[in-house]
Amino acid sequence: MKSRKFGKDLSKLYPVVEPDMSDSGSVDNVLEFLVIAGGRSLPEAVMTMVPEAWQNDDLMNPEKKLFYQWSGCAMEPWDGPALLTFTDGRYIGAILDRNGLRPSRYYHTVDGFVIMGE
């Protein structure tokens, strides 16, 4: 890997995934690495890690398909967890696993809260 931001010091960030981490911990490690060392925005990093099933989606925006095609060169899609939630204080989001086998439900209250469950 290369990084303009970290240069020769990039190796100081290794290992990207800490030993003996849970699946959720490993996701968190990779996501943090993509945002901090990779310079990606949080939504972009999440979309890179767990892309939608885009190849046969005729309704998807062509530019979004190109993004998924490009980011697929950077890493293999993460096939879990079933529901991934994320925030960085600016963005809040959630995505389902690529298979969509476990749907989630959410409710947005009038006073600005989002309640979500799987």
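Every number here is computed from the coordinates shown, using simple stated rules; none is lab data. As the structure is a prediction and not an experimental result, all values here were calculated from the model. So basically every Cβ, Gly included, is an ideal-geometry build from the backbone, and we count neighbours across all protein chains shown.
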Contour excess over end-to-end distance, with Cα ends at M1 and L13 and 0.36 nm allotted per residue: 3.2 nm
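Ordered by packing density, taken as the mean number of other Cβ atoms within 10 Å over each peptide's residues, highest first, how do 65-78, 40-53 rank? All intermediate terms of the calculation are to be shown ahead of the outcome.
On the way: 65-78: 13.1, 40-53: 18.1.
So the order, starting with the most tightly packed, is 40-53, 65-78.
Kindly state, to the nearest 0.05, the FRET efficiency for Q55 paired with A94, given R0 = 22 Å and r defined as their beta-carbon distance.
Working: r = 23 Å, r/R0 = 1.03.
In this case the efficiency is close to 0.45.
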For the chain, what does the helix formula give at 222 nm: sum of -39500 (n - 2.57) over DSSP H segments with n ≥ 4, over the residue count, nearest 500 deg cm²/dmol? -8000 deg cm²/dmol
What lysines sit close enough to K12 to cross-link, taking a C-alpha to C-alpha distance under 18 Å and skipping anything fewer than 8 places away on the same chain? K2
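Please compute the contact order of the chain in relative form: average sequence separation of alpha-carbon pairs under 8 Å and at least six residues apart, divided by the residue count, as a percent. Don't jump to the answer; show the numbers that get you there.
Details: 109 pairs, mean separation 19.3, N = 118.
In percent, rounded to a whole number, it is 16.
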